[in-house]
Amino acid sequence: MIPMLDLKRELADIGDEISKAVDKSIGETKFILGPNVKEFEKNAADYLGCKYTAGVASGTDALHLALKASGIKENDEVITTPFTFIATAEAIVYCGAKPVFVDIEPETMNINPELLEKSITEKTKAIIPVHLFGNPCRMDEIKQIADKYNLTVIEDCAQSFGATYNNKQTGTLGDIGCFSFFPSKNLGCYGDGGLISTNDENIYNDIMALRNHGSYEKYYHDRIGFNSRLDDIQAAILNVKIKYIDKANEDRILAAEKYKDIIQDSVSYQKVENKSKHVYHQFTIRSEKRNQIMSELQKHEIASAIYYPVPLHLQKSFASLNHKEGDLPVSEKLAQEVLSLPVNPYLEDEEITIISEIVKLASGK
Ligand SMILES: *Cc1c(COP(=O)(O)O)cnc(C)c1O
């Protein structure tokens, strides 16, 4: 059996160090906004190369609070991709705003900058590019359009911790970066967790209040906020894991390269722009024989997954947007053809070889 990700393999590697960090956090008994959170925020800001970071309760909350801090409200429109996890668009709805979906490029699988301009209206206030599967969006083009129309750029970096574009970390290219530490992400904790990155002091101050009941000083509430704090125990785990993130991402990149070496042109892959470093949160192939490949892998007890089977504009939860099939054809086609194969720092070379041979054979090419 080869799963998508086996965190037991991680525990066998760094479990002792993690247990010590958890014990230390518990011993300090400062569970809410304690010393490990502060330390992690500093570590993350140093790593990302930005002025400010704020730990929050999840990646979804990071997006929600980032939109709030950007002043997104009822009747505003926010542009994003339909080919992403639902949370990206949910966060827009939480603010009372309307998600406007712009189709993707088939090659990178990310939002297509060339289609952006015609979706911008007077109501458009922000763009959320999603660095899908760890592959950075074409941020130069996106930024140029955002600057022209004075739009806030909020990067969804849930899948891209450590990815770079023009040698800068994702999450520092737009106005605000939003990260998730869901256990399976490239940098994952052992529960829920998230982070916001920014160079803007006002946004940072807003988010620090929003995550903690609208309060800068205990029991003085300047505005209505939320309870959305990164947990001290999770931060303690992240302080251990962030030390190994570069090695972990390098291992993912090596695994992806090995897959491509063996599978070759039997299927296609996400295109990586010259300016980009892809960190392979997922290794996603594209083939007309997707379903055959998946069932062949299943027969050999090898996991694979379809991210994402239904683009967001066709989800029941967005029925009120009145989209129909054919509206965003590239996303719809990719939903039929993509398949993510196991990729993680602990995947063995032999496993990659076995999986690749099956994919190659089942692709019929
Ligand atoms: C995981 C994910 C999120 C949400 O993160 P949570 O921490 O699970 O709330 C948002 N956007 C994308 C693209 C994701 O993959």
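Remarks
- Counting heavy atoms of the protein chains alone, residue 114 has an accessible area of about 130 Å² for a 1.4 Å probe.
- Peptide ranges 28-41, 66-79 listed from the most packed, as the mean C-beta count within 10 angstrom indicates: 66-79, 28-41
- Ignoring lysines fewer than eight residues from residue 333 along the same chain, the ones with Cα atoms less than 25 angstrom from its Cα are 98, 118, 260, 271, 289, 316, 324, 360, 365.
- In the context of the full set of protein chains, region 245-363 has a per residue accessible area of 50 Å² (1.4 Å probe).
- Neighbourhood net charge (13 Å Cβ-Cβ; Lys/Arg +1, Asp/Glu -1) for residue 193: -1
- Segments 304-316, 122-134 sorted - mean Cβ within 10 Å per residue, highest first: 122-134, 304-316
- Percent accessible area from carbon and sulfur atoms, region 170-238, protein chains only, probe 1.4 Å: 47 percent
- Computed lengthening from residue 107 to residue 275, 0.36 nm per intervening residue step minus Cα-Cα distance: 59.0 nm
- The chain - share of DSSP beta bridges that are antiparallel (%, nearest 5): 65 percent
- Once the chain from residue 224 to residue 29 is taken as fully extended at 0.36 nm per residue, the excess over their C-alpha distance is 67.4 nm.
- Normalised by the number of residues in the chain, the average gap of Cα pairs under 8 Å and 6 or more apart makes the relative contact order 22 percent.
- Distance between the C-alpha centres of region 308-365 and region 210-254: 30 Å, rounded to the whole angstrom.
- Length released on extending from residue 184 to residue 13, taking residue separation times 0.36 nm less the Cα-Cα span: 59.9 nm
- Under 12 Å, Cβ to Cβ, from residue 203 - net charge with Lys/Arg +1 and Asp/Glu -1: -2
- Label sites at residue 324 and residue 260, each approximated as a point 7 angstrom past Cα along Cα to Cβ, lie 4.0 nm apart.
- Volume of the convex hull of region 245-363 (Cα atoms only), normalised per residue: 136 Å³.
- Peptide ranges 81-93, 257-269 listed from the most packed, as the mean C-beta count within 10 angstrom indicates: 81-93, 257-269
- Taking the centroid of alpha carbons for each part, region 182-207 and region 262-287 are 26 Å apart.
- For residue 150, net neighbour charge (Lys/Arg +1, Asp/Glu -1) across residues whose Cβ lies under 14 Å away: -2
- Centroid-to-centroid separation of region 22-36 and region 58-133 [C-alpha atoms, Å]: 35 Å
The values are calculated or read from the model by the stated rules, or taken from the named source; none is laboratory data. Since the structure is predicted, the reported quantities are computational estimates derived from the model, not experimental observations. All Cβ positions, glycine included, derive from the backbone under ideal geometry; neighbour counts span all protein chains shown. Just the protein is used for accessible areas: all its heavy atoms, side chains included, with ligands, DNA and RNA removed. Shrake-Rupley method; radii C 1.70, N 1.55, O 1.52, S 1.80 Å.
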